[in-house]
Amino acid sequence: LLTGGDIDPESLQRAPNGDLWVGDEFGPWLLHFDRRGVLLDTPYPLPGDLRSPNNPFLAFGETATHPNSRGIEAMAISTAGRHLYAALEGATVADNATGGPVFRRHIFEFSLRDRHFTGRQWAYRTRTAGNMVSDIAAVDRHHLVLIERDGGLGLTAVDRKVNLIDLRRTDADGYVRSTLLVDLATIADPALVSLPPLHDGDIRLGDPFGVVCESIE
């Protein structure tokens, strides 16, 4: 049985047949619903037996392998509608360990036809250890647009970038190649369309304009 207390839905994609696929952080899991919201399958666990402290199947005394609230924040569907790409918001417990790759964020491929993870996965490198992958979208067969952001708000919102990643290309350390598309903290506004301010305390208006809300996704 799955209740609303067992899941933390963060991402959603609609399959070509109308079914809904949800990325969850409590498992973390992939969840499959019909168009009315009826759960069709048991939750799909992520490869590597990743389990957060909120996973209801975590045995007493068992150590979580993924931090709380750092599961599938971002999920894309391929342009052909055949695959999902589920990205972890934060590093795994193992990656966060002393000397571990704290900048690594995993992206997993899931087959909608076969209903299982294909075994293909990629690693994205964040700019800082605390940055999160907050959203992704497929552009074509090989490219995803990915939003990486900090946890800032207002004046502390400084690192939030939209990148194009190429799933065919990796660097010497195994991370997917990434090209900056736009820095959401410094968007050019030479025509000053963001002015005048509407409320007392409005900030980061003018040229450059900055997106200051926390959850920019």
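Within region 34-93, which chymotrypsin sites (Phe, Trp or Tyr not before Pro) sit in a loop by DSSP and count at most 15 neighbouring Cβ atoms inside 10 Å? Numbers along the way, then the final one.
Values: sites: PHE57, PHE60, TYR85; in loops: PHE57, PHE60.
For chymotrypsin sites (Phe, Trp or Tyr not before Pro) across region 34-93 that sit outside H, G, I, E and B with at most 15 neighbouring Cβ atoms in 10 Å, the list reads PHE57, PHE60.
Could you state the accessible area per residue of region 1-138 in Å², with a 1.4 Å probe and every protein chain left in place?
Details: 6580 Å² over 138 residues.
Value for region 1-138: 48 Å² per residue.
Sorted by mean Cβ packing within 10 Å, highest first, what order do the peptides 69-78, 183-192 take?
Highest to lowest by the protection proxy: 69-78, 183-192.
In region 105-217, carbon and sulfur make up what percent of the accessible area (probe 1.4 Å)? Mind showing how you got there, number by number?
On the way: 3340 of 6150 Å².
Result for region 105-217: 54 percent of the exposed heavy-atom area is carbon or sulfur.
If Lys and Arg each add +1 and Asp and Glu each add -1, what is the summed charge of the other residues whose beta carbon sits under 13 Å from the beta carbon of HIS143?
Details: positive: ARG141, ARG168, ARG169, ARG177; negative: ASP140, ASP166.
Cβ neighbours under 13 Å give a net charge of +2.
Give me the dipole magnitude in Debye, nearest 20, for region 57-189 about the Cα centre, with unit charges on the beta carbon: positive for Lys and Arg, negative for Asp and Glu. Numbers along the way, then the final one.
Details: 16 positive and 16 negative charges, 80 e Å.
The calculated dipole for region 57-189 is roughly 380 debye.
How large is Rg over Rh for the chain, taking Rg from the Cα atoms and Rh as the Kirkwood inverse mean of 1/r across Cα pairs? If you can, show how the numbers build up before the last one.
Numbers: Rg = 18.4 Å, Rh = 18.4 Å.
For the chain, the value is 1.00.
Label ALA64 and THR118 with points 7 Å out from Cα along Cα→Cβ: what is the distance between them in nm?
Taking the simple label geometry, ALA64 and THR118 are separated by 3.0 nm.
Suppose accessible area is computed on protein heavy atoms with a 1.4 Å probe; arrange ILE216, ILE203 from highest to lowest. Kindly include the intermediate steps, with their values, before the conclusion.
On the way: ILE216 30, ILE203 60 Å².
Ranked from most to least accessible, the order is ILE203, ILE216.
For region 86-214, how big is Rg over Rh, using alpha carbon atoms and the Kirkwood form of Rh?
Numbers: Rg = 17.2 Å, Rh = 16.4 Å.
Here Rg/Rh amounts to 1.05.
Would you be so kind as to identify which of ALA157, VAL102, ILE216 lies farthest towards the positive end of the dipole of region 88-217, taking Lys and Arg as +1 and Asp and Glu as -1 on Cβ and the Cα centre as origin?
Positive-end residue among those listed: VAL102.
Suppose we keep just the alpha-carbon trace of region 1-101; what are its Rg and Dmax in angstrom?
For region 1-101, the Cα-based Rg and Dmax read 14.1, 46 Å.
The values are calculated or read from the model by the stated rules, or taken from the named source; none is laboratory data. Every value quoted in this text rests on a predicted model; they were computed, and no experiment measured them. Counting neighbours? That spans all protein chains shown, and the Cβs are built from the backbone with ideal geometry, glycine included. Remember, those area values only see protein heavy atoms, side chains included, never the ligands or the DNA or RNA. Shrake-Rupley method; radii C 1.70, N 1.55, O 1.52, S 1.80 Å.
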